[in-house]
1. From Glu53, Glu45, Glu49, which residue is of a type in the set (Asp, Glu), under 12 Å from the mean Cα position of the chain (by Cα) and at pLDDT 95 or above?
2. For residues in segment 1-49 being acidic (Asp, Glu) and in a loop (DSSP other than H, G, I, E, B), which is nearest to Leu59 (Cα to Cα)?
3. Residues in segment 98-116: is at least one of a type in the set (A, V, I, L, M, F, W, C), more than 13 Å from Val55 (Cβ to Cβ), touching a strand residue (DSSP E or B) at 6+ places or on another chain (Cβ under 7 Å) and surrounded by 11 or more Cβ atoms within 10 Å (Cβ to Cβ)?
4. Only one of (1) more than 16 Å from Ser121 (Cα to Cα); (2) surrounded by fewer than 18 Cβ atoms within 10 Å (Cβ to Cβ) fails for His85. Which number is that?
5. Limited to segment 54-96, what total is found for residues that are outside any helix (DSSP H, G or I) and farther than 21 Å from Thr22 by Cα?
6. Is there a residue in segment 105-125 that is under 12 Å from the mean Cα position of the chain (by Cα), without any contact (Cβ under 8 Å) to a residue 60 or more places away in the chain and not in a loop (DSSP other than H, G, I, E, B)?
7. Do we find that Glu67 is in contact (Cβ under 8 Å) with a residue 60 or more places away in the chain and among the acidic types (Asp, Glu) in this structure?
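The values are calculated or read from the model by the stated rules, or taken from the named source; none is laboratory data. Fair warning: this is a prediction, and the values are worked out from it, not measured in the lab. Heads up, the Cβs are rebuilt from the backbone with ideal geometry, glycines too, and the neighbour counts pull from every protein chain shown.
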Amino acid sequence: MTRYVSDAPDAPKAIGPYSQVTEKNGTAYLSGQIPLDPATMKIVEGGIEPQTEQVMKNLSKVLAHLEMSFSNVMSTTIYVVDLAHFEKINAIYDKWLGGSKPARATVQVAGLPRGSLVEISMIAMR
């Protein structure tokens with residue numbers, strides 16, 4: 001049975017007709033998070049580093065709402081508008097993952113919602 005999980009109260013609300021996360025048979029599919037400040041619903045300013053930090057913070061809030069952490073993450077997809085930012089994203093991602101090394105794909109895209117520089121989605125398991 002698919003469970004549409006209620007929104008994590010400390011993470012940005014979905015900006016379209018989708019759920020922050022759905023869960024089926026102990027596997028959670030986290031929608032891509034962009035660097036929205038949940039209090040203002042605006043993209044954080046300052047470039048790729050603060051944007052990546054905000055994305056990881058948002059994902060951590062969704063995982064915590066599920067009573068999970070980054071150690072439960074099995075797969076990640078990172079979308080970035082400029083692969084020149086790869087090393088900076090990697091450093092912040094590594095800090096947040098704390099030793100977990102899920103499977104991952106990173107792709108450069110032409111654009112992301114609301115002018116974001118980065119978006120990250122995850123799949124986690126209980």
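1. Glu53
2. Residues of segment 1-49 that are acidic (Asp, Glu), as a first pass: 7, 10, 23, 37, 45, 49.
Narrowing further to those that are in a loop (DSSP other than H, G, I, E, B): 7, 10, 45.
Working: Asp7: 12, Asp10: 10, Glu45: 18 Å.
Selected residue: Asp10.
3. yes
4. All conditions are met except number (2).
5. Looking only at that region, the number is 3.
6. Among the residues of segment 105-125, not one is under 12 Å from the mean Cα position of the chain (by Cα), without any contact (Cβ under 8 Å) to a residue 60 or more places away in the chain and not in a loop (DSSP other than H, G, I, E, B), which makes the answer no.
7. The answer is no for Glu67.
Each row is one residue, and each column tells you yes or no for (1) crowded, with 18+ Cβ neighbours inside 10 Å; (2) within 22 Å of Pro9 (Cβ to Cβ); (3) of a type in the set (Ser, Thr, Tyr).
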{"residue": "Ile48", "(1), (2), (3)": "yes, no, no"}
{"residue": "Met56", "(1), (2), (3)": "yes, yes, no"}
{"residue": "Glu67", "(1), (2), (3)": "no, yes, no"}
{"residue": "Asp94", "(1), (2), (3)": "no, no, no"}
